Amino acid sequence: MASAAIRTPLLFSALVVASCGLVYELVAGTLASYLLGDSVTQFSTIIGAYLFAMGIGSWLSRYLRGALIEHFVRVEIVVGAVGGASAAILFLTFAEVTQFRVALYGLVSLIGVLVGLEIPLLLRILQDQFEIGDLVARVFAADYLGALVASILFPLLLVPRLGLIRTCFLFGILNVAVAWLLLLRPEGVPKLGLLRWGAGTVMVLLAIGFVYADPIMEIAEQSQYPGQAVFSKSTPYQRIVVTRQADDTRLFLNGNLQFSSRDEYRYHEALVHPALAAVPEPRRVLVLGGGDGLALREILKYPSVESITLVDLDPEVTALFARSRFLSALNGGAFSSPKVHVVNADAFVWLQGDRGTFDAVVVDFPDPSNYSIGKLFSTTFYRRLNAVLAPDGWAVIQSTSPFVARRSFWCVDQTLQVAGFVTAAYHALVPSFGEWGFVLAGHTPYRPPIQLPEGLRYLTPQVLQQMLSFPPDMQRVPTDVNRLDNQVLVRYFESEWGQYLAD
């Protein structure tokens with residue numbers, strides 16, 4: 001039982017342990033979405049497994065009897081050690097463990113069981129200090145307040161400033177600090193010396209992990225990516241990694257390759273010029289996504305273009321490719337052009353405003369691997385896109401691989417048609433990706449241009465004609481329409497790419 005002198009530290013402990021427990025859960029969900037994709041599925045399954053494990057921990061707490069404060073201190077030391085190191089462990093094992101999901105859910109379950117022990121132990125320790133109604137109200141109020149604080153700090157401060165690994169180590173330190181706070185008041189803690197030694201050792205190890213979080217992440221990323229990781233950062237939206245190997249620079253977002261400098265010109269010439277060259281004297285151009293500026297480089301080859309608005313969600317990406325000398329060299333310093341205006345916003349929301357019309361729109365979003373991206377391939381989004389496209393303008397949408405993800409590709413085409421567009425599908429061979437697909441969307445039938453800007457390394461009018469023809473194994477197949485309330489495209493994409501990668 002607790003004395004009156006220790007009840008305030010114990011109530012404060014409820015706030016801290018709630019913050020720590022929620023952060024471990026958020027880190028696991030975020031890390032899983034970075035490494036495995038589909039944030040909705042990852043967060044849903046992580047939360048489910050974590051809460052179930054907490055229930056098991058709460059049930060097991062009944063078997064902890066006598067010296068309850070000592071049991072609570074032990075739990076805090078162990079949960080601080082395991083939870084604090086969890087992000088580092090998962091990043092380091094991702095490329096090395098065949099069954100990564102087993103390691104992921106095993107670790108999440110272990111942390112959940114330990115966290116589930118905490119509140120029942122606190123309630124039992126404090127039961128002689130308050131009436132039962134007052135006790136439950138105080139402990140759960142502190143618990144919920146701690147969860148609120150963590151949920152606000154996590155996306156706004158912790159991930160952008162500290163990253164996932166350092167955030168975990170910090171909250172592991174806070175868990176052990178709770179144990180130390182109680183060890184300063186030795187009532188009910190007979191094995192004081194041993195517990196202080198254990199808490200001190202874990203605290204030192206967690207502090208070392210906090211200091212060396214960046215080298216730990218570098219080691220993890222070296223095993224995941226080819227070449228040397230020259231830049232890496234976690235943002236509220238994604239994990240950004242840039243690697244270099246000999247003359248090859250690559251950008252990865254959440255572990256997915258976005259471009260290789262060896263052949264990105266093929267992709268971006270195929271993305272931009274079939275649309276831009278089909279518009280007589282394009283003046284006003286909109287780019288959605290494409291925060292690396294490589295599409296901007298191609299658009300700026302048209303002297304008639306007067307303004308380009310680029311809308312990309314993550315300011316870290318656009319800032320990186322605008323300020324880094326070797327990365328801005330890849331896009332030809334496109335962000336320094338007075339014609340370019342950058343807007344860091346959600347394109348889905350941004351298009352709701354009165355934006356006028358654009359002569360050409362280049363849509364270069366990541367593949368629809370989760371529902372937050374899948375909405376950008378929906379009829380709702382495409383109808384908004386239709387409203388801003390000039391009557392004689394053309395939009396182009398990157399639409400994943402028609403070879404690997406055939407249904408996904410033609411689902412994009414079908415959805416555009418339902419949204420009121422006349423479409424023309426085409427594909428290009430990009431060695432880093434394989435056969436890649438694009439869909440042109442306009443208001444009249446597409447006529448391939450007979451002239452393209454000079455100096456292109458890949459695309460010619462003759463090549464473009466070939467790109468518009470599909471062999472039998474990539475030709476149209478019937479699909480459902482991707483609507484905001486069904487997100488069928490995400491399911492197509494997961495199934496097709498999942499099967500391809502498994503093979």
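The values are calculated or read from the model by the stated rules, or taken from the named source; none is laboratory data. Keep in mind that what you see is a predicted model, and the values were worked out from it rather than measured. Cβ placement follows ideal geometry from the backbone for every residue including glycine, while neighbour counts extend to all protein chains displayed.
Observations, loosely collected:
- Some residue of region 51-62 being part of a loop (DSSP other than H, G, I, E, B) and among the charged types (D, E, K, R): no
- Test: THR379 is within 17 Å of VAL439 (Cα to Cα) and either touching a helix residue (DSSP H, G or I) at 6+ places or on another chain (Cβ under 8 Å) or in the same structural domain as ASN254 (by TED's automatic domain parsing) (or both): yes
- Residues that are of a type in the set (D, E, K, R) and touching a residue at least 40 places away in the same chain (Cβ under 8 Å) were ranked within region 356-404; the one that is nearest to ARG297 (Cα to Cα) is ASP364.
The rows are residues; the columns are (1) outside the structural domain of ALA150 (by TED's automatic domain parsing); (2) within 21 Å of the chain's Cα centre (by Cα); (3) part of a strand (DSSP E or B).
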| position | (1), (2), (3) |
| --- | --- |
| ILE165 | no, yes, no |
| PHE169 | no, yes, no |
| ILE173 | no, no, no |
| ALA179 | no, no, no |
| ARG196 | no, no, no |
| GLY200 | no, no, no |
| ASP214 | no, yes, no |
| SER232 | yes, yes, yes |
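- Filtering region 198-244 to residues that are surrounded by 14 or more Cβ atoms within 10 Å (Cβ to Cβ), modelled with pLDDT of 90 or more and among the polar types (S, T, N, Q) leaves only THR243.
For (1) of a type in the set (Asp, Glu); (2) touching a residue at least 12 places away in the same chain (Cβ under 8 Å); (3) exposed (fewer than 12 other Cβ atoms within 10 Å of the Cβ), each residue gets a yes or a no:
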site	(1), (2), (3)
THR444	no, yes, yes
ILE450	no, no, yes
PRO453	no, yes, no
VAL463	no, no, no
PHE470	no, yes, no
VAL481	no, yes, no
LEU484	no, yes, no
VAL488	no, yes, no
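- A single member of VAL102, VAL79, VAL97, VAL73 is buried (at least 22 other Cβ atoms within 10 Å of the Cβ) and modelled with pLDDT under 95, and it is VAL73.
- Among the residues making up region 244-281, those that are acidic (Asp, Glu) and not in a helix (DSSP H, G or I) are ASP247, ASP248, ASP263, GLU281.
- The residue that is modelled with the lowest pLDDT, among those in region 457-500 that are under 20 Å from LEU429 (Cα atoms) and of a type in the set (Ser, Thr, Tyr), is TYR500.
- At least 3 residues being in contact with a strand residue (DSSP E or B) (Cβ under 9 Å, 6 or more places away or on another chain) is the threshold, and among the helices (runs of 4 or more DSSP H) wholly inside region 336-405 those reaching it are 379-388.
- Being outside any strand (DSSP E or B) and buried (at least 21 other Cβ atoms within 10 Å of the Cβ) is not true of LEU286.
- Of all residues in region 326-385, those satisfying the criterion of being touching a Pro at 6+ places or on another chain (Cβ under 7 Å) and either farther than 15 Å from GLY291 by Cβ or modelled with pLDDT of 95 or more (or both) are ASN344, ASP359, ALA360, GLY374, PHE377.
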